[in-house]
Amino acid sequence: MTTSLLTSSGLISSGFHALSEPLRIRILETLRSQELCVADLCEHLDVSQSKLSFHLKTLRAAALVRPRQEGRWVYYSLNLPQFVVLEQYLADYRRFAVMLPTANREVPAATNSNKI
């Protein structure tokens, strides 16, 4: 496996891991409309700075957010290209949709071979 595939695989895995926690989803939702500093995020989400920092570290490792230092403040914003990577990964599975049974398709009744 090439290094780029391993890197991509790791980012995809860490991206979905990061999305598995409700507070991290709330952080991302809060950052949808604007870049915010940690203090503002704490206030918006009503969480402690230590708890928020823990979750921001996971989101940074997954490349879903990017920090920007301005003086003593760190501002966070969404890293939209990484969301595109995750979206593309899932989109690749759409080709399997034709194999899935639809809700409208009738499933054949099971036959009982023991009937006489």
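Coordinate-derived values only; no laboratory data. In this text the structure is predicted, and so the values were computed from the model without any measurement. Cβ: placed from backbone, ideal geometry, glycine included. Neighbour counts: every protein chain shown.
See the values below:
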item: Amide H contacts of residue 37 (H built 1.01 Å from N, under 5 Å, at least 5 apart or other chain); result: 76
item: Relative exposure of 75, 93, judged by other C-beta atoms within 10 Å (fewest first); result: 93, 75
item: Point-to-point label distance, residue 74-residue 34, nm (Cα→Cβ direction, 7 Å offset); result: 2.1 nm
item: Top positive-direction residue, dipole computed over region 8-94 with Cβ charges, set 61, 27, 49; result: 61
item: Nitroxide proxy distance, nm - points 7 Å out along Cα→Cβ at residue 49 and residue 84; result: 3.5 nm
item: In order through region 50-67: 3J(HN,Hα) via Karplus (6.51 cos²θ - 1.76 cosθ + 1.60), integer Hz, x for Gly, Pro; result: 5, 5, 5, 4, 4, 6, 5, 4, 5, 5, 5, 4, 7, 6, 8, 10, 10, x
